[in-house]
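Encoded as structure tokens, the structure appears first; notes follow it.
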Amino acid sequence: MKIGVLSRDASLYSTRRLLEAGNKRGHLMKIIDHMRCYIEITADSPRLIYQGSPLTDIDAVIPRIGASYTFYGTAVVRQFEMMGVLSANGSDAIARSRDKLRCLQLLSKEGVGLPVTGFAHSTKDTEGVIELVGGAPLVIKLLEGTQGIGVVLAETYQAAKSVIEAFRGLDANILVQEYIKEAKGQDLRCFVINNQVVASMKRQGAPGEFRSNIHRGGSVRRVKLSNQERDTAVRAAMAMGLKVAGVDLLRSSQGPVVIEVNSSPGLEGIERATDIDIASKIIQYLEQQWRIKRKAQEEKRK
């Protein structure tokens, strides 16, 4: 196959690993900066133009789209889909997971464990939202935040009220969530491919830091999941429609709760913590889907 990795930076660990894994398995790999693609929309033959030439010979793509480029990035993935190109994650699934509020609403509908969460528009409803999640301490999250940026722990009622009013004063959309004290600054990253957890790690926040993101100085180690945790991660990915996903869980007194579903999970931390070749597993998934597609095409021609 000829596989395109949609990435803005060829030097990133995840991008390099996907290229290495694909080349090792005999595929032609190409890095495509999705923000430099432009879309030709016609009635009969949708096309993508990249570096002055049409992208006509791509069999599959692996989207590695940053959160700040979601709108245009998903448009590019959608165009590939219209051209009959396989995608490790579909454009609609990526969009669903990137909208944090919509993501939580869909997970709630499927009965997936979640922290109690509140969302309101007016600052006049601040007190009600705080009470809804059980009062302080509580966690306040920007809907557009990534890698732990825009996540604040408010330890008192007054601090929570001040932070919420400040964010809303900037017209920022936020979620207010209960603080899972028993998690003790730890979370679980579950890497899901094709409805199976293929690797998992525990992330521990740096001293004095309640966020466990590696980008915030957190440490990682391999962890064994319970059956309930494994099932929760798979159900969360399926609710989004994602075939490649990083699902973040907290261990609460009520069982595992999902705090995020990531459509472009990084490979570096979890590959090094688990010594599992996740990049190759993603390529193998695309190979499987390619065989299914070819078989369906052959049967249709008969």
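Coupling constants for the stretch 28-33 follow from the phi torsions by the Karplus curve (6.51 cos²θ - 1.76 cosθ + 1.60, θ = phi - 60°), and in residue order they are 8, 9, 9, 8, 10, 7 Hz; glycine and proline get x.
Accessible area per residue for the stretch 33-147 is 49 Å², calculated with a 1.4 Å probe on protein heavy atoms, without ligands, DNA or RNA. Entry for the chain at q = 0.14 Å⁻¹: log10 I(q)/I(0) = -1.07, Debye formula applied to identical alpha-carbon scatterers, no solvent contribution. Pairs of Cα atoms nearer than 8 Å and 6+ residues apart set the relative contact order; for the chain it is 16 percent. Computed from backbone phi, the HN-Hα couplings of the stretch 88-103 come to 4, 10, x, 4, 5, 5, 4, 4, 4, 6, 6, 8, 4, 5, 4, 4 Hz, rounded to whole numbers (Karplus: 6.51 cos²θ - 1.76 cosθ + 1.60, θ = phi - 60°; Gly and Pro given as x).
Only Lys, Arg, Asp and Glu carry charge here, each on its Cβ (+1 for the first two, -1 for the last two); on that basis the stretch 209-302 has a dipole of about 480 debye about its Cα centre. One way to sum up the overall shape of the stretch 2-94 is the equivalent ellipsoid from its Cα gyration tensor, whose semi-axes run 20, 15, 12 Å, largest first. For the stretch 234-286, the solvent-accessible area with a 1.4 angstrom probe is 33 square angstrom per residue.
Reducing the stretch 35-69 and the stretch 254-294 to their Cα centroids gives an inter-centroid distance of 23 Å. Computed over protein heavy atoms with a 1.4 Å probe, the carbon and sulfur contribution to the accessible area of the stretch 27-154 reaches 51%. Rounded to the nearest 20, the Cβ-based charge dipole of the chain about its Cα centre (Lys and Arg +1, Asp and Glu -1) stands at 980 debye.
Computed on protein heavy atoms with a 1.4 Å probe, the accessible areas place Leu28, Leu225 in the order Leu28, Leu225, largest first. With respect to the chain, whose longest principal axis is taken over its alpha-carbon atoms, helix 13-24 is tilted by about 30°.
Rounded to the nearest Hz, the phi-derived 3J(HN,Hα) couplings of the stretch 152-168 under the Karplus curve 6.51 cos²θ - 1.76 cosθ + 1.60 (θ = phi - 60°) are 10, 9, 9, 8, 10, 4, 5, 5, 4, 4, 5, 5, 4, 5, 5, 4, 5, where x marks glycine and proline.
Between Lys295 and Ser68, the simple label model (points 7 Å from Cα in the Cβ direction) yields a spacing of 4.4 nm.
The values are calculated or read from the model by the stated rules, or taken from the named source; none is laboratory data. Treat the numbers as computed from the prediction; the structure is a model and nothing was measured. FYI the Cβ positions are ideal-geometry reconstructions off the backbone, even for glycines, and counts take in every protein chain you see. The protein model used for the area step is the full one, side chains on, heavy atoms only, and it has no ligands, DNA or RNA in it. Shrake-Rupley method; radii C 1.70, N 1.55, O 1.52, S 1.80 Å.
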